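Report on the following structure.
Just so you know, all these numbers are worked out from the coordinates, no wet-lab data involved. Values in this document were obtained by computation on a predicted structure and should not be read as measured data. Cβ placement follows ideal geometry from the backbone for every residue including glycine, while neighbour counts extend to all protein chains displayed.
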Amino acid sequence: MDVNEIQKFLLIIENKLQENWSKFSTNIPIHLITAYHMGWVDEDLIPITNIRRGKRLRPLFCVLVNQTLNGVLDDALEIGSAIEFLHNFSLVHDDIQDQDEKRHGKWTVWKIWGEAQAINVGDLLFNMVFQVLTNLKSPLLLSKSLKELTETIRELIEGQYLDISFEKRKDISLKEYLMMIDKKTAKLFSTSFYLGAFSATYKEEISKLFQDIGRNFGLFFQIADDAMGIWGDPEKTGKNAFADLWRKKKTYPILYLYSEASDKEKRMIEEIWGRDIVTEKDIEYLLDRLEKKRVKEATFNLAEKYFGESYKKLLSLQDLYNISLLRKLFEDYYNLIFSFQRS
């Protein structure tokens, strides 16, 4: 991958995000708290330069698809900016609902300023989605972006509802889980790809093709993240070893294990889910079952399946468009994910 080219786009995206934040902010401190979540100020709300930011992967794909199809960069930057604010709205609210105290190694908004103000911060990010879209000059592109993003918002909320509802259930099928992550994670990727293409071509056929590429990439992304939550190398991921097991998260690996378990094993897994505090003995039991049922292999195979479907469709376009940046971003991200595995 031409790293300098990718970094150039990431810097442009970051500048556009900050530009839009400045344009639609006032001197009320909630805007600075929003900037804290976005990675631009510290806990004392003082601007900083060397903080670890999010990956900005969704707006990056939107921009790269747009540029692959020879689109107007400014349009993709505005849409990508709106998409990133939408993504971060969901993260702020997720942190409250999940009671997660840290994200990317720093305290979450609700942990510092309380749940009530964190809800306001999330709502402000949600509002910025629509304010940013008013920057679009094309009425057709604005209409299409509103249609796609409002549909995406509905599916994000449905996915979060399902995710929370799973916490109290023990009869979750793998089909239900895949439907949940399709809505909660893959939908925003598919929208990023779709609007990146539409902002360049204003054509449905090619935009729908990229939408499908983005959906499969999003499913790969979430299944791979599920795998990292158990088998990721803590030194590379920055997460605690077996983090999702300690948190009793019902991700794909644990649900696959449950689907393959005997009645006796199911009862034991249910007991662990029901405990207030998970013990080291519980973790040892789950790891032993995961190994015996070959769950790691099944999980990474599914992640590779979705990646393969997405990558194959992307490669089908290489005779029509210069997909080199997209292709290398796919390949490098795939290699990064699998480099995170513990041996």
So for the stretch 256-343, Kirkwood radius off the Cα pairs, Stokes-Einstein at 10 °C and 1.306 mPa s: how many µm² s⁻¹? 99 µm²/s
Suppose the Debye formula is applied to equal point scatterers at every Cα of the stretch 180-227; what is log10 I(q)/I(0) at q = 0.17, 0.32 Å⁻¹? -0.44, -1.02
Among [x] 48; [y] 38; [z] 45, the entry derived from the coordinates for percent of Cα pairs over 30 Å apart: [y]
What ratio of Cα Rg to 2.2 N^0.38 Å holds for the stretch 84-201? 1.18
Over all distinct alpha-carbon pairs, what is the Kirkwood Rh of the stretch 1-85 in angstrom? 13.6 Å
Three principal axis extents, largest first, for the C-alpha atoms of the stretch 199-271, in Å? 55, 33, 14
Taking the alpha-carbon distance from Lys312 and a cut-off under 21 Å, which lysines remain once sequence neighbours fewer than 8 residues away in the same chain are dropped? Lys187, Lys208, Lys328
Close lysine pairs (the stretch 42-140; alpha-carbon distance under 24 Å; 8 or more apart or on separate chains) counted at 4
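Rounded to the nearest 0.05, what FRET efficiency is calculated for Ser316 and Gln131 with R0 set to 35 Å and r the Cβ-Cβ distance? Please list the in-between numbers first.
Numbers: r = 37 Å, r/R0 = 1.06.
Approximately 0.40, to the nearest 0.05.
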Once the in-chain neighbours fewer than 8 apart are removed, the aspartates and glutamates whose Cα is under 19 Å from Lys313 read Asp182, Glu204, Glu205, Asp212, Glu304, Glu331, Asp332
Helix-only [θ] at 222 nm, the chain, -39500 (n - 2.57) per DSSP H run of 4+, per residue, nearest 500, equals -24000 deg cm²/dmol
All aspartates and glutamates inside 16 Å of Lys293 as judged from Cα atoms, apart from same-chain residues fewer than 8 positions distant: Glu260, Asp263, Glu265, Glu284
Degrees, to the nearest 10: 139-166 long Cα axis against longest axis of the chain: 10 degrees
Counting just the Cα atoms, what span does the stretch 24-146 cover along each of its three principal axes? Round to the nearest Å and put the largest first. 43, 28, 25
